[in-house]
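All remarks here apply to the structure that follows.
Derivation of every value follows stated rules applied to the coordinates shown; laboratory data play no part. Because the structure is predicted, anything quoted here is derived from the model rather than measured. Cβ sites come from the backbone with ideal geometry, for glycine too, and all protein chains shown count toward neighbours.
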């Protein structure tokens, strides 16, 4: 069942991406010939209106085929104004960007639903106090629940940890619930230098406690969730972009790249942790898919935007040969990246089986 959900999620994300292109094309009156999930020979299809909807044999993506998209095919005179190549460059760019935008919007919708439905978060309950730590010296004990820090209420372990980390070498006042009573405990945090993934060093505050592992369901008001889900979507996008930049800067090893096998494995694992956790992971993958497609690599959406922008500046289309060369370069880059990702996936599988 988890494996089925993982494969279904990938199919849905591909559908959402192509639906973005399709709806934008329809918005501008572009004649759409085919809408396909998958590549290669048709498995099943249906003609509805002017568009043929297909399920194709190679489930590694999808495509929307628009009339005049390659710029060279013959176009019936009566459909010339509805061809992709006849549309202004700004409309073509919007159609291209609509795919990644659909993925990001879909991710936001998933996150919004989970925040309204409620997601399990670690309770700010102490499970272990380290010996000779500031927490032990202050008198904190296992099963103490921290409900506020310096008067600011906290409802999860992550909220609590974020505040403590932001106050190194400072005295803080904890409001602690113990045996049904609220007590105030002052703790002097210790500063510890840590290096983040980008190589930047910073000092964080620590008091020497570990969570109990108990969880509580956190639900947001539907109105508040609108803004919070936008923030979380932005955070996912920021992490994705930062990871790509660090990969280019070689601050992250290419061994961290993963392909379809890793995605299915991780999705299956999240599905086992509960449906809401699976939805959050699906949202993250959707954001990743949207951001990656914006990379300025020919055959990706970002590459098309670059080519259309060049044509708009030149005020004339690129030659067929120039486009073909760009497509071949883009394809070579994508195949190279996919081979690295698949190699990493297979290596991880062999290591896991060897344990």
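Within the listed set 298, 77, 100, the residue fluctuating most in the Gaussian network model of the chain (springs between alpha-carbon atoms under 10 angstrom) is 77.
Helical content of the chain, expressed as a calculated mean residue ellipticity at 222 nm, amounts to -17000 deg cm²/dmol (DSSP H runs of 4 or more residues, -39,500 (n - 2.57) each, divided by residue number, nearest 500). Principal-axis analysis of the Cα atoms of the chain puts helix 320-354 at an angle of about 40° to the longest axis.
Please report the relative contact order for the chain, taking Cα pairs under 8 Å with a sequence separation of at least 6, and give it as a percent rounded to a whole number. In percent, rounded to a whole number, it is 18. Counted by neighbouring Cβ atoms within 10 Å, the residues 215, 51 run from fewest to most as 215, 51. Of the residues 157, 108, 90, the one with the fewest other Cβ atoms within 10 Å heads the list, and the complete ranking is 90, 108, 157.
The residues 119, 64, when put in order of fewest to most other Cβ atoms within 10 Å, stand as 119, 64. Our estimate of slack between residue 334 and residue 221, defined as 0.36 nm per intervening residue step minus the Cα-Cα distance, is 36.4 nm. Over the Cα atoms of region 57-120, the radius of gyration divided by the Kirkwood radius equals 1.21; this is the Rg/Rh ratio. The stretch between residue 79 and residue 295 holds 74.6 nm of extra length on full extension. This uses 0.36 nm per residue minus the Cα-Cα distance. Under 10 Å, Cα contacts only: if you run a Gaussian network model on the chain, which one of 203, 114, 195 comes out with the highest mean-square fluctuation? Looking only at 203, 114, 195, the largest GNM fluctuation is found for 195. Note: region 1-120, Cα convex hull, 134 Å³ per residue. Spin-label model, residue 275 to residue 188: label points 7 Å out along the Cα-to-beta-carbon direction sit 5.2 nm apart. Peptide packing for 217-230, 282-295 was compared via the average number of neighbouring C-beta atoms within 10 Å per residue; ordered from the highest value, the list is 282-295, 217-230. Using the Cβ-Cβ distance between residue 53 and residue 251 with R0 set to 45 Å, the FRET efficiency from 1/(1 + (r/R0)^6) comes to roughly 0.55.
From the largest down, region 120-218 spans 43, 31, 25 angstrom on the principal axes of its Cα atoms.
Dividing the mean sequence gap of close Cα pairs (under 8 Å, 6+ apart) by how many residues region 120-218 holds gives a relative contact order of 38 percent.
Seen from a random direction on average, the alpha-carbon convex hull of the chain projects onto 23.3 square nanometres.
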